[in-house]
Amino acid sequence: MTEPGFSQPMSFAEGRTLVIRFPRFTPRITFHANDRLTVEVIDGENAGFRDTVAYRAAALRQKLVVLSWKEQVGSAVVHVLDLDAGETYTVVAPAQGGLQSLQGRIIQLAA
């Protein structure tokens with residue numbers, strides 16, 4: 001049993017896809033079995049980037065999820081997904097250093 005105040009680890013259904021519209025670029029995230037995802041930048045800066053990596057997700061409460069992964073290029077990504085509001089608050093730690101804080105709109109595509 002999880003202690004009060006601690007999040008529950010979770011997995012996204014295989015095939016579930018999220019598109020996130022940030023001001024400068026748009027990634028598409030597709031979830032796979034065994035806690036893996038593919039992120040593809042489909043528009044804007046870094047369009048054409050694609051990576052398949054392991055992810056971790058934790059439900060803070062219903063439809064509020066922390067999603068994180070480390071890309072093969074070394075960048076770390078953490079999203080706070082508010083699935084009710086359709087918004088994400090995201091921090092990216094690029095491999096070359098620094099932090100980027102982003103806010104975007106989530107579009108959920110059918111699995």
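The values are calculated or read from the model by the stated rules, or taken from the named source; none is laboratory data. This one's a predicted model, so the numbers in the text were calculated from it and none came from an experiment. Reconstructed Cβ throughout: ideal geometry from the backbone, glycine too, with neighbour counts over all protein chains shown.
Summed over segment 1-55, the residues that are part of a strand (DSSP E or B), at pLDDT 95 or above and more than 17 Å from Ile106 (Cβ to Cβ) give a count of 7.
Return yes or no: is Ser101 surrounded by 13 or more Cβ atoms within 10 Å (Cβ to Cβ), over 13 Å from Arg21 (Cα atoms) and either touching a helix residue (DSSP H, G or I) at 6+ places or on another chain (Cβ under 6 Å) or of a type in the set (Ser, Thr, Tyr) (or both)? Working first, answer last.
Details: surrounded by 13 or more Cβ atoms within 10 Å (Cβ to Cβ): no; over 13 Å from Arg21 (Cα atoms): yes; either touching a helix residue (DSSP H, G or I) at 6+ places or on another chain (Cβ under 6 Å) or of a type in the set (Ser, Thr, Tyr) (or both): yes.
Taking the combined requirement at face value, the residue does not satisfy it.
Annotation: Arg21 fulfils all but one of (1) in contact with a Ser or Thr (Cβ under 8 Å, 6 or more places away or on another chain); (2) surrounded by 14 or more Cβ atoms within 10 Å (Cβ to Cβ); (3) among the basic types (Lys, Arg); the unmet one is (1). Within segment 56-72, if we keep just the residues that are modelled with pLDDT of 95 or more and outside any strand (DSSP E or B), the residue that is farthest from Ile20 (Cα to Cα) turns out to be Gln72. Scanning segment 56-111 for residues that are under 20 Å from Arg36 (Cα atoms), of a type in the set (Lys, Arg) and without any contact (Cβ under 8 Å) to a residue 40 or more places away in the chain turns up Lys63, Lys70.
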